[in-house]
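Right, one structure below, let's go through it.
The values are calculated or read from the model by the stated rules, or taken from the named source; none is laboratory data. Worth saying up front: this structure is predicted, and the values here are computed from it rather than measured. Cβ atoms come from the backbone with ideal geometry, glycine included; neighbour counts cover every protein chain shown. Side chains included, ligands, DNA and RNA excluded: accessible areas come from the protein's heavy atoms. Shrake-Rupley method; radii C 1.70, N 1.55, O 1.52, S 1.80 Å.
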Amino acid sequence: MGQSASMPPRSEPGRRSRTSSAARRVFSDCEDSDPAAAAASPMADRDSSLDLPDECLAIVFQSLGPADRNNCSLVCKRWLSIEGQSRHRISLDARAALLEAIPTLFSRFDSVTKLALKCDRGSDSIGDEALALISARCPNLTRLKIRACREVSEVGMTSLAKNCPRLRKLSCGYCIFGSKGINAVLAHCPLLEELSIKRLRGDTEEPVGGGDGDAAFPALKTICLKELYDGHCYGPLITGSPNLRTLKLFRCSGDWDKLFVELPKLVPGLVEVHLERLNISDRGLSALSSCADLEVLHLVRTTECTNAGLAVVAERCRRLRKIHIDGGKANRIGDEGLAAVARRCSNLQELVLIGVNPTALSLGLIAGNCRNLERLALCGSETIGDAEISCIASKCLALKKLCIKGCPVSNHGMEALAGGCPNLVKVKVKKCKAVTAEAADWLRTIRASLAVNLDVGAAAIQVPQRLDAGPGGALGSDPGTVPPEQPVRDVGLPAIGGGGSRSSASAAAPRSRWRLLSSSNLVAATFRRVSKHGGGGGSSQHSL
């Protein structure tokens with residue numbers, strides 16, 4: 001986008017007054033600060049921003065917040081044009097009425113590369129015609145998210161795929177098209193790197209990715225499938241992606257053992273695998289162990305996976321950095337499997353155990369052998385008591401973040417943390433009735449740099465961390481962080497279509513509150529911004 005050869009007329013004074021105060025401050029240096037000198041100057045009424053090239057003006061717009069940016073677009077035709085052309089990311093209400101606004105909307109925003117189309121589940125969504133028009137006006141589209149667009153069929157997805165061959169990331173959910181729509185994207189978008197599919201309810205008339213075994217998708221690096229009743233039909237897609245690095249399967253039907261037996265031969269470079277509520281056993285888990293580069297493994301409610309399968313993975317996958325296990329109270333994974341992890345996975349940095357009952361035996365091995373362990377979460381365990389916390393405190397020298405939830409730990413366990421884990425910066429204790437607020441206050445007094453979060457009754461006591469606790473001051477804050485580019489529901493247009501004594505304060509939180517915290521939500525809250533304060537390589541977007 002170069003500088004305009006001829007400038008549009010300057011806006012009227014009345015219209016200029018609509019510019020926000022923040023926008024005026026941006027260009028205050030361009031105007032004469034002396035009123036008397038300005039009155040005497042023949043250039044007094046001239047807009048000094050006209051001296052700025054379009055590219056510079058676009059950079060200024062990109063540094064503003066959504067509201068100020070929208071106000072800037074009202075100043076004059078030039079600002080309106082440049083602001084629209086510099087918008088690369090927008091999010092639209094994808095109700096049916098959007099169809100009429102598409103020509104005007106995308107005439108202004110003609111440089112969009114990232115687009116989100118989201119419709120309320122109770123409203124009529126855009127259809128194939130609208131999607132075809134949008135894709136025709138966004139030939140450079142690289143990222144697309146479609147949510148609850150129930151009027152879009154295979155026809156619309158085919159038009160999209162043909163019009164946007166540069167598409168790299170596609171996320172679609174709660175739609176009615178089936179395998180033909182996904183296959184059209186795979187056929188016409190050879191650069192596709194990330195594919196996320198959730199609750200597609202269309203007919204699976206053909207296997208996704210082809211059934212002849214000849215299809216290959218070398219660009220695909222991430223596949224995420226959620227809540228698909230015909231999940232097994234996506235097998236050819238997975239096995240046909242030889243460069244796949246991340247595979248996430250959540251609550252998808254099918255017998256996955258067979259696929260995982262074949263997977264290491266066809267997709268040997270897997271680095272991250274998430275398995276949740278799948279029909280997979282030790283047979284499939286053991287086969288996964290042939291992926292020697294595996295670094296991240298999540299096993300959530302895979303009740304047929306036992307100590308034996310985990311031990312095989314630990315034996316062969318020596319690069320494991322993060323392990324999350326939610327046993328769902330099945331008690332199929334315990335000391336034996338965790339001991340194997342301790343013996344073989346010396347690079348382990350993050351361990352999350354939910355509904356697992358380890359003892360000081362396996363925890364001692366992990367603490368002694370996994371010298372790089374920085375993040376540990378122990379939730380819903382009946383065997384994690386003061387002895388286990390004392391073991392962690394004495395041996396986990398590199399530990400930075402610790403979360404304990406719903407375990408029989410008392411104030412004595414908190415006392416052990418006062419003299420152990422020299423690198424510890426944050427502790428969260430939830431639903432541990434025997435831990436009192438007095439213990440948290442005492443721990444903070446002993447270790448002033450430690451952030452302690454303790455739930456007491458219905459509220460949580462947050463003990464702030466001192467500024468010298470680490471980079472960015474308080475845990476999880478980073479004053480130097482630049483906020484991400486705003487997703488574009490802010491285009492400035494109207495919505496389309498309309499151990500001590502137990503006091504009453506240490507009681508457990510109400511059920512209504514804790515029902516909202518699933519296992520994954522707890523873990524996410526436990527290790528927020530881990531990628532900024534610790535952790536090794538790998539993609540930060542998947543860090544907890």
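Tabulated results
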| read-out | value |
| --- | --- |
| 3J(HN,Hα) from dihedral phi, the stretch 59-72, Karplus parametrisation 6.51/-1.76/1.60, rounded to Hz, x for glycine, proline | 5, 5, 4, 5, 8, 8, x, x, 5, 5, 5, 5, 5, 4 |
| Where labels lie 7 Å past Cα in the beta-carbon direction, separation of residue 136 and residue 96 in nm | 2.1 nm |
| Net length gained if the chain between residue 56 and residue 277 were fully extended (0.36 nm per residue, minus Cα distance) | 74.4 nm |
| Karplus-derived 3J(HN,Hα), 6.51/-1.76/1.60, for each residue of the stretch 233-249, Hz, glycine and proline x | 6, 8, x, x, 5, 5, 6, x, 10, x, 9, 4, 10, 10, 10, 10, 10 |
| Check: the stretch 115-226 dipole with +1 on Lys, Arg Cβ and -1 on Asp, Glu Cβ, in debye | 660 debye |
| Computed FRET value (nearest 0.05) for residue 371 with residue 331, which takes r as the C-beta separation and R₀ as 35 Å | 0.75 |
| Gain in span if fully extended, residue 206 to residue 418, counting 0.36 nm per residue against the direct Cα distance | 70.3 nm |
| Alpha-carbon gyration tensor eigenvalues x 5, square-rooted, for the stretch 278-360, Å | 17, 15, 11 |
| The stretch 343-407: proportion of alpha-carbon pairs further apart than 20 angstrom, % | 15 percent |
| For the stretch 45-115: relative contact order, % (alpha-carbon pairs under 8 angstrom, 6 or more apart) | 28 percent |
| Distance histogram for the stretch 256-317 (every C-alpha pair counted, 5 angstrom bins, percent rounded to whole numbers) | 4, 20, 34, 31, 11, 0 |
| Other-chain or far-sequence residues with amide H under 5 Å of residue 451's (modelled H) | 426, 427 |
| Where only C-alpha atoms are counted, convex hull volume of the stretch 194-254 per residue in Å³ | 71 Å³ |
| J(HN,Hα) series, the stretch 299-305, from Karplus relation 6.51 cos²θ - 1.76 cosθ + 1.60, nearest Hz, glycine and proline x | 10, 10, 6, 8, 5, 8, 8 |
| Cα-based equivalent ellipsoid, the stretch 208-347: semi-axes from gyration tensor eigenvalues, Å | 25, 17, 11 |
| Percent carbon-and-sulfur accessible area, the stretch 262-388, ignoring ligands, DNA and RNA, probe 1.4 Å | 45 percent |
